[in-house]
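Step one of this worksheet: look at the structure below.
What follows is calculated from the coordinates using simple rules that are stated; it is not laboratory data. Bear in mind that the values here come from a model prediction, so they are computed numbers and not experimental data. Note: ideal-geometry Cβ built from the backbone for every residue, glycine included; neighbour counts use all protein chains shown.
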Amino acid sequence: MRKKFTMAAVAAGLGLAAATAPPATAASDETIVTFTIESGDLTIDAPDAVDLGSVPSDATSISGPIGPVTVTDKRGVLNGSWTATAISTDFTTGAATPPETIPNINVTYTPGPEDSHTGTGTFTPGPGGIINVPRVVFTGTDLVGDNSVTWKPSLTITIPAGKVAGVYTGTVTHSVG
């Protein structure tokens, strides 16, 4: 009698493993994702108008607050900086004749300390001084991301002898860059 052998039995007997399919390999694909944070503006905001009050005709000066002033930096910078300055026009009344004009060389700006700030950076009052030319009144350095700072400056106007009575008007311009 003959024995019947199957191929599987022969393979098993010879120590051959049964043929199997190789394991499936996992497939992958990458997607690069981007987005943009847009840079905003660097702005400065000061009161539209301030009344320092009144003094008698023999006064030699008048002083008072003219703030708050706020610099807002939405540029989203890394290690950024900005400098704020102030300059004044002459103060005049009537027809702005010499007796009706207080020259801007007589206008002194005092920044005062930082009132508040947001964001990361170093915020430093400038020396201020006579603002017949642009004077540094505040700086922001080592800035990271968005930030803002507010200060409350004061103005002193030295009144020269021989000025006439009247409402004197001048403009203080704050700038930042």
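Within segment 24-63, the set of residues being within 25 Å of residue 166 (Cα to Cα), assigned to a loop (DSSP other than H, G, I, E, B) and among the β-branched types (Val, Ile, Thr) comprises 50, 55, 60. Taking segment 77-158 as the region of interest, the strands (runs of 3 or more DSSP E) fully inside it that hold 2 or more residues being of a type in the set (D, E, K, R) and either closer than 14 Å to residue 172 by Cβ or in contact (Cβ under 8 Å) with a residue 12 or more places away in the chain (or both) are 114-125, 135-151. Regarding segment 142-156, can at least one residue be identified that is exposed (fewer than 13 other Cβ atoms within 10 Å of the Cβ) and closer than 19 Å to residue 46 by Cα? No, every residue in segment 142-156 fails to be exposed (fewer than 13 other Cβ atoms within 10 Å of the Cβ) and closer than 19 Å to residue 46 by Cα.
For the residues 104, 147, 132, the requirement of being closer than 30 Å to residue 57 by Cβ and touching a Gly at 6+ places or on another chain (Cβ under 8 Å) singles out 104. Within segment 46-69, no residue satisfies the criterion of being more than 16 Å from residue 102 (Cβ to Cβ), loosely packed, with under 10 Cβ neighbours inside 10 Å and touching a strand residue (DSSP E or B) at 6+ places or on another chain (Cβ under 8 Å). The set of residues in segment 82-100 that are out of contact with any strand residue (DSSP E or B) (no Cβ under 8 Å at 6 or more places or on another chain) and of a type outside the set (Ser, Thr, Tyr) comprises 94, 95, 96, 98, 99.
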